[in-house]
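See below for the structure under consideration.
The values are calculated or read from the model by the stated rules, or taken from the named source; none is laboratory data. None of the values given here were measured: they were computed from a predicted structure. Using ideal geometry, Cβ is built from the backbone for each residue, glycine included, and neighbour counts are taken over all protein chains shown.
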Amino acid sequence: MSCFDRDITVRFEHCDAAGLIFYPRFFGLVNETVEDWFLSLGHSFKALHIDQRKGVPTVRFESEFVGPVRIGDMLHQSLGVDAIGRSSLNLKHIASIGDRTVARFDQTIVFIDLATMQAEPWPDDLRAAITKFAGLGA
């Protein structure tokens, strides 16, 4: 089991006039992390959403912002799987700068068919890839 990790430099585009990350941008960065994670699992969002017509919409999102993030900071994002259900997935995200946690996110996504907008079980190969991250949390 392991976490999926990525580092990004906080850019001008992420910040407000005070030079601090604009909190809605964090949600976009969390989504980017999920998208990068799916790619690392061998299931790109292009293949999933466009080719297969499946989706993984967020149905629950909790956030806690615990410290400032400034332009130029190196932001470390860590994603872990808290629980996997028949068609749902509970993800834990931690954002940090060095050893200082700056934000936490709890997210639930659901595997759906985009034509019917109905939940479906995780495909066996995707479930197997996700399971490598299960139970760890971030």
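For A103, only one of the following conditions fails: (1) crowded, with 16+ Cβ neighbours inside 10 Å; (2) under 21 Å from T131 (Cα atoms); (3) small (G, A, S). What is its number?
(2)
Are there strands (runs of 3 or more DSSP E) fully within the stretch 64-138 with at least 2 residues that are at pLDDT 95 or above and under 16 Å from L41 (Cα atoms)? List them.
Of the strands (runs of 3 or more DSSP E) lying wholly inside the stretch 64-138, those with at least 2 residues that are at pLDDT 95 or above and under 16 Å from L41 (Cα atoms) span 74-84, 88-97.
Given the residues R70, R86, R60, which is the only one that is under 23 Å from M117 (Cα atoms) and in contact (Cβ under 8 Å) with a residue 40 or more places away in the chain?
Exactly one of R70, R86, R60 is under 23 Å from M117 (Cα atoms) and in contact (Cβ under 8 Å) with a residue 40 or more places away in the chain, namely R60.
Scan the stretch 50-76 for residues that are surrounded by fewer than 13 Cβ atoms within 10 Å (Cβ to Cβ) and under 12 Å from R100 (Cα atoms) and jot them down.
Residues satisfying the conditions are V66, G67, M74.
For the stretch 29-49: of the residues being free of Cβ contacts under 8 Å to residues at least 12 places away in the same chain and over 15 Å from K92 (Cα atoms), which is surrounded by the fewest Cβ atoms within 10 Å (Cβ to Cβ)?
K46
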